[in-house]
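The values are calculated or read from the model by the stated rules, or taken from the named source; none is laboratory data. Predicted model, so just to flag it, every value in this text is computed and none were measured. All Cβ positions, even for glycine, are placed from backbone atoms using ideal geometry, and neighbour counts span all protein chains on display.
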Amino acid sequence: MYNILFRSDLSLRYSFITMGLIHWLRTQLKSSFDSIRNEKLKQNLLQAVPFWIASLVTGLIAVLYTRLFALAEHGTSFIFHHYAPLLFIVSPICFIVSWWVVKQFAPYARGSGIPQVIAAIELSTPRYNEKVGKLLSLRIIFVKILSSLIMAFGGGVIGREGPTIQIAGSVFRKVNQWLPKSWPKISKRNMVMTGAAAGLAAAFNTPLGGIVFAVEELTKTHISYFKTALFSAVIIAGLTAQGLLGPYLYLGYPDIGHLSGYIFFGVALVAIMTGLLGSLMSKVMLLLFAWKAKFRFNYQHLFYLVACAWIVIALAYFVNENMMGSGKELMTTVLFTHNKYLPWYMPLLRIVGPILSFTSGAAGGVFAPALSAGASIGSTMAGWFHLSEANANLLILSGMVGFLTGVTRTPFTSAILVLEMTDRHNVIFHLMLAGMIASLVALVVDRHSFYERLKYQYMHDLLKEDTLPEPATQENPGLPV
């Protein structure tokens, strides 16, 4: 009996001890889990803060840049309508000063800025940190803005959207550099990619366009690794711009109701034409870059700049003033007024303008000029067929998508950008069709995009002392020689 009681008491003790151990283990595991969870949450929050700060700064700079760029274009318009001959003096001076500022203070601030960002993403490793600093920096921001504003005031056919992307990439990279050593590490590549997407979203007020641009043009990393940072950065930059400029659409709400059932054929025809011409314009600019690379003296560059400026102003003065500027006013005119159909020569003017302005070596983007060139082609072709207002507007929008795709080879980004600029969701399939056809047709002229070729040229210039694949191959499509 005693043995039975003793064993029962012993079993009871073991049960209490076992239960105590289980409870202790549960407490310890829960504490450890909470600690791990809180630590992970803290780390994620700390990693997100730099993206949020950089996005806010990007939005503020984008708003300031937008207003300054508009003032520059208004200044050109004022001179043209009151003292037009004066532009034959002002414009060459602006072209030269804009080029000199870039050449003297930040050579990699020239042009659009998108190829520089793509090159910076590929070079974002510790080995090439100094090289990336030449593509994205505070100096780039100031020189980019100053040079492009001077160029715009001189009547240059440039846009501010590409420069905004390089500016945003510079902001994000600099914020990442300023983080203390104790801060959780953030991928330099992801930081720059997110900055570029935020810059595009703030420039066009197109958040989806910024995200699609990052996926289609910039990223070679699976988006799941930085999707939260990307989405939040685009939202914050876009909201900042909207908070100061208002919830505007880049273009507005064109009438595209009561479309013809056969309008798909018109969309396809416009896409073929714009895809070819967009790619041809890029090819011509690349050939001019290769020719200019042979210049040995500064006076050769000066002669070229003066000639470009005089041609732009002469065409504006004697043919049509819509030759000058980014082309946004032309797009709004054909979409929202009764001046729906442009003359046959307008597409030629809107193609020649970016060629002369972009090859000057000054800062300035090709996004808006490409959109306006496509709009002019769509408008002209709509006039040939005497289409109704709604059908004509659709061809104009399709031309914008097609021409931009011919230059960038990003059909989905082009379609989403135009969709968000106009808020016309019922024609998304028409716009995507235009982008896809233009992308395929552009391959006839060049297998690689304008930005891709410029990217490799920038990388080649930066890494002359390093071993690089030879340019102009299928893997490394450098500038033609």
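Observations on the model:
- Residues that are over 21 Å from ALA109 (Cβ atoms) and surrounded by fewer than 24 Cβ atoms within 10 Å (Cβ to Cβ), drawn from segment 352-374: VAL352
- Hits in segment 177-197 (condition: of a type in the set (S, T, N, Q), closer than 15 Å to ASN129 by Cα and surrounded by fewer than 16 Cβ atoms within 10 Å (Cβ to Cβ)): GLN177
- Search result, residues across segment 362-387 that are farther than 18 Å from MET273 by Cβ and part of a helix (DSSP H, G or I): PHE367, ALA368
- Residue within segment 88-103 that is under 17 Å from VAL171 (Cα atoms) and not polar (S, T, N, Q) present: no
- Between SER282, SER326, SER260, the distinction of being more than 22 Å from ALA72 (Cβ to Cβ), part of a loop (DSSP other than H, G, I, E, B) and either of a type outside the set (A, V, I, L, M) or not assigned by TED's automatic domain parsing to the domain that holds ILE150 (or both) belongs to SER260 only.
- You will find that of LEU342, LEU348, LEU330, the residue that is free of Cβ contacts under 8 Å to residues at least 40 places away in the same chain and within 30 Å of PRO254 (Cα to Cα) is LEU348 and no other.
- Any chance GLY169 is in contact with a Ser or Thr (Cβ under 6 Å, 6 or more places away or on another chain) and not assigned by TED's automatic domain parsing to the domain that holds GLY325: no
- In segment 399-433, the residues that are farther than 18 Å from GLY327 by Cβ and hydrophobic (A, V, I, L, M, F, W, C): PHE412, ALA415, ILE416, LEU419, VAL427, ILE428, PHE429, LEU431, MET432, LEU433
- Residue in segment 211-227 that is at pLDDT 75 or above and of a type in the set (S, T, N, Q) present: no
- Being closer than 19 Å to ALA233 by Cα and outside the structural domain of GLY327 (by TED's automatic domain parsing) is not true of GLU130.
- Condition check for LEU454: within 19 Å of the chain's Cα centre (by Cα) and at pLDDT 90 or above: yes
- Test: LEU433 is touching a helix residue (DSSP H, G or I) at 6+ places or on another chain (Cβ under 9 Å), surrounded by fewer than 24 Cβ atoms within 10 Å (Cβ to Cβ) and modelled with pLDDT under 90: no
- GLY111 meets the conditions (1) on the phi > 0 side of the Ramachandran plot; (2) more than 19 Å from the chain's Cα centre (by Cα) in every case but one. The failed one is (2).
- Within segment 86-98, considering residues that are in contact (Cβ under 8 Å) with a residue 40 or more places away in the chain and surrounded by fewer than 23 Cβ atoms within 10 Å (Cβ to Cβ), the one farthest from the chain's Cα centre (by Cα): PHE88
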